[in-house]
Amino acid sequence: MPPLIAAILPPAVVSVDRRDDSDPAPLFPAEAQIVAAAVASRRQEFATVRLCAREALRSLGVAAGPLLPGPGGAPAWPPGVRGSMTHCAGYRAAAVARATDLAGLGIDAEPDEPLPAGVLDLVADRGERAALPTDGLCWDRLLFCAKEALYKAWYPLTGRWLGFEEARVGLAPDGTFTARVLVQRAPIGDTVRTEFAGRWLAAPGLLLAAVAVPTD
Ligand SMILES: CC(C)(COP(=O)(O)OP(=O)(O)OC[C@H]1O[C@@H](n2cnc3c(N)ncnc32)[C@H](O)[C@@H]1OP(=O)(O)O)[C@@H](O)C(=O)NCCC(=O)NCCS
């Protein structure tokens, strides 16, 4: 079966997903060290998503070594590769593309459940909240999911933290969204891209979002 997340990614992206941690997912020693003190569920999701990533990299024709967290927790992908990983209850996925095809990539998965009380106010401004549809699925969680996907594409491009209040996301019922980042400069002073386009998907119990940044 094709990965669920593939439906919202451009053709140049290779993705692999898993619904659980049942497949053996060996880690390189340097990876195992990172989660050595973590709880079992964290070690398992960390390993399974790397199993997904290594499969995706192999399909892209790239040898897969350790996938270690770099600055800000962003994974250090092999040279010439852009990618993103996500894990939530019942879903793990990795997506990779050649840097010649995409400048950046962010994916996120969330359970299709309402955000805990009070969280939407931290994630969305008044305009974003007012624009959310009210029926069908957990649009508050989807907005959160879209912003996390945006952040995962944004951070490796800029090396800059982005607060939830620093981007405006508009979700459309047709499975697309737009994101406008309200900051103009990265820490090194470069002007940054401020307009992003994303796609989202609702599957039973799951919400997925992806932001693929085209090369200029
Ligand atoms: C980093 C963050 C986005 C991860 O999202 P999450 O829903 O908690 O967790 P997910 O399972 O979906 O993703 C975790 C993976 O994201 C990746 N990741 C972590 N930090 C990252 C970063 N700075 N940039 C890109 N990818 C990152 C890692 O691969 C990580 O998995 P790993 O630790 O096993 O390698 C989230 O914890 C966070 O810090 N959010 C605040 C910033 C934000 O989202 N701002 C919104 C701006 S509009």
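Nothing in this text is a laboratory measurement; each read-out follows from the coordinates by a stated rule. In this text, all values refer to a predicted model and were calculated from it rather than measured experimentally.
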Notebook entry, point to check: In degrees between 0 and 90, to the nearest 10, how far off the longest principal axis of the chain does helix 40-60 point, with axes built from Cα atoms?
Noted result: 80
Next item on the list: For n ≥ 4 DSSP H runs only, could you compute -39500 (n - 2.57) per run for the chain, divide by its residues and tell me the 222 nm figure to the nearest 500?
Entry: -8500 deg cm²/dmol
Next item on the list: Take the Cα radius of gyration of the chain and divide it by 2.2 N^0.38 Å, with N its residue count; two decimals is plenty.
Entry: 0.99
Next item on the list: Determine ³J(HN,Hα), in whole Hz, for all residues of the range 176-184 in sequence, where each value follows from phi through the Karplus function 6.51 cos²θ - 1.76 cosθ + 1.60 and θ = phi - 60°; x replaces Gly and Pro.
Entry: 10, 8, 10, 9, 10, 8, 8, 9, 9
Notebook entry, point to check: If only Cα atoms are counted, what is the Rg of the range 4-101, and what is its Dmax, in Å?
Noted result: 12.8, 38
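How high is the relative contact order of the range 4-101, in percent, with contacts defined as C-alpha pairs under 8 Å that are six or more residues apart? Kindly include the intermediate steps, with their values, before the conclusion.
On the way: 148 pairs, mean separation 35.6, N = 98.
For the range 4-101, the relative contact order is 36 percent.
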Notebook entry, point to check: Where Rh is the Kirkwood radius over the Cα pairs of the range 90-206, the temperature 25 °C and the viscosity 0.890 mPa s, what D in µm²/s does Stokes-Einstein return?
Noted result: 164
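Which whole-number percentage describes the relative contact order of the chain, with Cα contacts under 8 Å and a sequence gap of 6 or more? It would help to have the intermediate numbers written out before the result.
Values: 431 pairs, mean separation 44.1, N = 216.
It rounds to 20 percent for the chain.
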Notebook entry, point to check: Can you list the HN-Hα couplings for the range 108-120, worked out from phi with the Karplus curve (6.51, -1.76, 1.60; θ = phi - 60°), rounded to whole Hz and with x for Gly and Pro?
Noted result: 8, 10, 9, x, 7, 9, x, 5, x, 3, x, 6, 4
Next item on the list: Determine by what factor the alpha-carbon radius of gyration of the range 157-198 differs from 2.2 N^0.38 Å, reporting the quotient.
Entry: 1.26
